[in-house]
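A.B. asks: Here it is, the structure, as structure tokens.
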Amino acid sequence: MRTTLYLASTEALKDAALFARLLRTVPTSRQEKIGRLRVARARRLSLGAGLLLNYALAAQGLPVTEPAVSENGKPYFPALPDFHFNLSHSGELALCAVSPAPVGCDVETASGIDLAVARRFFHPEERAWLFSLPEGEREAAFLRLWTCKESFIKAVGLGLALPLEDFSVSLGDAVTLRQGVDARPWRLRSLRDGGAFYALCGLEGVEDAPFVRVSPEAL
């Protein structure tokens with residue numbers, strides 16, 4: 001097994017019949033989560049993420065199973081200690097990262113960016129770099145920083161317990177992470193495709209992880 005990013009559009013799930021059919025294929029816990037959502041797009045995104053996880057499990061010859069949840073809210077499979085995964089979604093895109101080691105991922109689409117978040121919550125070095133950029137470059141830079149920071153938080157499994165200002169990310173030809181949160185050798189990768197920004201954080205195979213686009217028909 002190698003670290004892999006799977007991406008899918010959830011546009012096709014606007015079809016009610018297709019949505020209903022595919023909903024039955026994800027674990028009961030995800031069906032219940034989707035049932036609690038009241039916004040149609042949120043329901044599509046949650047189902048899309050669950051379907052990508054199904055796809056990733058099948059790619060490894062593994063059955064669909066119910067995940068457990070850590071005390072910090074990170075899902076995992078107790079019976080599959082060498083199968084680590086993380087999910088994200090934004091806009092109409094769903095993202096799933098899988099790896100033989102702990103992993104985190106994030107996707108964000110460029111809309112409604114509030115740079116006040118960076119002023120209030122980012123590390124001082126990140127704030128200084130971000131606001132030194134020309135105004136027209138700040139939105140993309142913010143999204144790259146945000147996805148990298150989110151993917152690290154998700155990879156270490158601390159969730160909201162880890163403040164964004166407690167570690168820093170530097171962007172350039174390579175992405176550099178400076179942190180005293182977790183001594184393991186975490187690596188970050190930042191990608192962009194059109195108006196969407198992606199980040200992957202993990203311990204193995206991050207730099208050369210395949211980026212696999214999954215068609216709705218394959219789900």
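A.B. asks: Just give me the residues in region 175-219 being part of a loop (DSSP other than H, G, I, E, B), in contact with a Leu (Cβ under 8 Å, 6 or more places away or on another chain) and under 23 Å from GLU125 (Cβ atoms), in sequence order.
C.D. replies: Scanning region 175-219 gives VAL175, VAL181, ARG184, PRO185, TRP186, VAL206.
A.B. asks: I've got another one for you. Determine which single condition ALA79 fails, assuming it passes every other condition in (1) among the aliphatic types (A, V, I, L, M); (2) over 21 Å from LEU200 (Cα atoms); (3) assigned to a helix (DSSP H, G or I).
C.D. replies: Against the list (1) among the aliphatic types (A, V, I, L, M); (2) over 21 Å from LEU200 (Cα atoms); (3) assigned to a helix (DSSP H, G or I), ALA79 comes up short only on (3).
A.B. asks: Something else: Suppose we filter region 140-164 for residues that are over 14 Å from the mean Cα position of the chain (by Cα), surrounded by 15 or more Cβ atoms within 10 Å (Cβ to Cβ) and over 12 Å from VAL181 (Cβ atoms); how many remain?
C.D. replies: Selection size over region 140-164: 3.
A.B. asks: Condition first: in a strand (DSSP E or B), among the basic types (Lys, Arg) and either under 30 Å from LEU18 (Cβ atoms) or in contact (Cβ under 8 Å) with a residue 24 or more places away in the chain (or both). Can you find one or more residues in region 143-152 that meet it?
C.D. replies: No, region 143-152 contains no residue that is in a strand (DSSP E or B), among the basic types (Lys, Arg) and either under 30 Å from LEU18 (Cβ atoms) or in contact (Cβ under 8 Å) with a residue 24 or more places away in the chain (or both).
A.B. asks: Do you know which of the residues in region 1-21 that are within 16 Å of LEU87 (Cβ to Cβ) and touching a Gly at 6+ places or on another chain (Cβ under 9 Å) is surrounded by the fewest Cβ atoms within 10 Å (Cβ to Cβ)?
C.D. replies: Out of the qualifying residues, it is SER9.
A.B. asks: Also, quick follow-up: Please go through region 121-139 and pick out each residue that is part of a helix (DSSP H, G or I), among the aliphatic types (A, V, I, L, M) and more than 23 Å from the chain's Cα centre (by Cα).
C.D. replies: ALA128
A.B. asks: Sticking with this structure for a sec: Out of the residues in region 73-88 that are more than 23 Å from TYR198 (Cβ to Cβ) and either aromatic (Phe, Trp, Tyr) or in contact (Cβ under 8 Å) with a residue 24 or more places away in the chain (or both), state the one that is surrounded by the most Cβ atoms within 10 Å (Cβ to Cβ).
C.D. replies: PHE77
A.B. asks: Which of the following residues is free of Cβ contacts under 8 Å to residues at least 60 places away in the same chain, closer than 26 Å to PHE211 by Cβ, assigned to a helix (DSSP H, G or I) and of a type in the set (Gly, Ala, Ser): ALA118, ALA56?
C.D. replies: Checking each option against the conditions leaves just ALA56.
A.B. asks: Related question: Among (1) within 30 Å of GLU217 (Cα to Cα); (2) buried (at least 17 other Cβ atoms within 10 Å of the Cβ); (3) modelled with pLDDT of 90 or more, where does GLU66 come up short?
C.D. replies: Going through the list (1) within 30 Å of GLU217 (Cα to Cα); (2) buried (at least 17 other Cβ atoms within 10 Å of the Cβ); (3) modelled with pLDDT of 90 or more, GLU66 breaks only (2).
A.B. asks: Within the bounds of region 117-127, is there any residue that is at pLDDT below 90 and touching a Lys or Arg at 6+ places or on another chain (Cβ under 8 Å)?
C.D. replies: Checking region 117-127: at least one residue is at pLDDT below 90 and touching a Lys or Arg at 6+ places or on another chain (Cβ under 8 Å).
The values are calculated or read from the model by the stated rules, or taken from the named source; none is laboratory data. Just so you know, these numbers come straight off a predicted model, no measurement behind them. Cβ coordinates were reconstructed from backbone atoms using ideal geometry, including for glycine residues, and neighbour counts include every protein chain displayed.
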